[in-house]
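A quick write-up on the structure given underneath.
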Ligand SMILES: [Zn+2]
């Protein structure tokens, strides 16, 4: 094959792999942690803003931020997603060693499952806070609410953040906001990007749900309700032209052939909705 034909073949292969997005085989189910198929259905790289891409699955967000001095990944999804994420990075021209930092929302298996493998393959540094770091180091074991039901390969943090701290990689600059509740280490991330030549504030805000949680007299997390309430306030005040959440649907996103919003949710609306749901749970708990 001469070089020109070879190049054409590579280009065709790249385009056809993006075009075949819907035909990615669904990733295998794990015996230990069964999740809906949409959480395991890979998508091709979907553009959200000029440097911000969804590279995960239909149901779970994994954001890749492309910068001049490398890339940042925020969240990896389920453990079995590692190869897919690396493939999508390649489709965007990001070699494994171009990935410099791995950030995340919270330390549950459906968002940070592949981080250990990704760190090993790429050499990227894992950046988190102290609360999340201890849970990540024990692979999700002894979780406050889930005990040992949702485990994942343990991963050590390379850098521990404090609330409000900035993470910088070349021209990429993000700020972390601690929003404890869903986990004690839950985080929101904010940064600026451009859409149609306009600068926008993107807020990637962690889950604010309390799925089956014991909210009253929880000996493992006595201040859980107070934490949620403080976090709702913090979320309301985030710079937030574009809200994205770890579970796409929670902020109205549909990740399929494109990344589109069925309904645009503001950070205030997202916090209000979560607040109503929490207060309702508290009333029901006290009955
Ligand atoms: Zn969770």
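A few remarks follow.
- Strands (runs of 3 or more DSSP E) wholly inside the range 207-287 that include at least 1 residues being over 21 Å from residue 56 (Cβ atoms): none
- Subset of the range 206-217 (residues that are more than 16 Å from the ligand (Cβ to nearest atom) and touching a residue at least 24 places away in the same chain (Cβ under 8 Å)): 216
- Filter result (touching a helix residue (DSSP H, G or I) at 6+ places or on another chain (Cβ under 8 Å) and closer than 16 Å to residue 81 by Cβ) within the range 108-125: 109, 110, 112, 113, 114, 115, 117, 118, 121, 122, 124
- Condition met for residue 71 (more than 25 Å from residue 25 (Cα to Cα), touching a helix residue (DSSP H, G or I) at 6+ places or on another chain (Cβ under 9 Å), modelled with pLDDT of 95 or more and within 16 Å of the ligand (Cβ to nearest atom)): no
- Which numbered condition residue 110 fails, given (1) surrounded by 20 or more Cβ atoms within 10 Å (Cβ to Cβ); (2) not in a helix (DSSP H, G or I): (2)
- Within the range 92-109, residues that are on the phi > 0 side of the Ramachandran plot reach no partner that is within 16 Å of the ligand (Cβ to nearest atom) with beta carbons closer than 8 Å at six or more positions or on different chains.
- Which numbered condition residue 28 fails, given (1) over 20 Å from residue 161 (Cβ atoms); (2) within 16 Å of the ligand (Cβ to nearest atom): (2)
- Selection from the range 92-107 of residues that are in a helix (DSSP H, G or I) and in contact with a strand residue (DSSP E or B) (Cβ under 9 Å, 6 or more places away or on another chain): 97, 98
- Note on the range 151-188: among residues that are within 16 Å of the ligand (Cβ to nearest atom) and outside any loop (DSSP other than H, G, I, E, B), the one that is farthest from residue 221 (Cα to Cα) is 188.
Here's the yes/no breakdown for (1) part of a strand (DSSP E or B); (2) crowded, with 18+ Cβ neighbours inside 10 Å:
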residue	(1), (2)
29	no, no
32	no, no
39	no, yes
47	yes, no
53	yes, yes
72	yes, yes
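- Residue match in the range 219-240 (condition: in contact with a strand residue (DSSP E or B) (Cβ under 6 Å, 6 or more places away or on another chain) and within 15 Å of the ligand (Cβ to nearest atom)): no
- Qualifying residue in the range 86-102 (condition: within 15 Å of the ligand (Cβ to nearest atom) and modelled with pLDDT of 95 or more): no
- The residues on offer are 78, 89, and the sole one that is under 26 Å from residue 209 (Cβ atoms) and touching a strand residue (DSSP E or B) at 6+ places or on another chain (Cβ under 8 Å) is 78.
The values are calculated or read from the model by the stated rules, or taken from the named source; none is laboratory data. What you see is a predicted model; the values in this text were computed from it and never measured. Methodologically, a virtual Cβ is constructed for each residue, glycine included, from the backbone with ideal geometry; neighbour enumeration extends over all protein chains shown.
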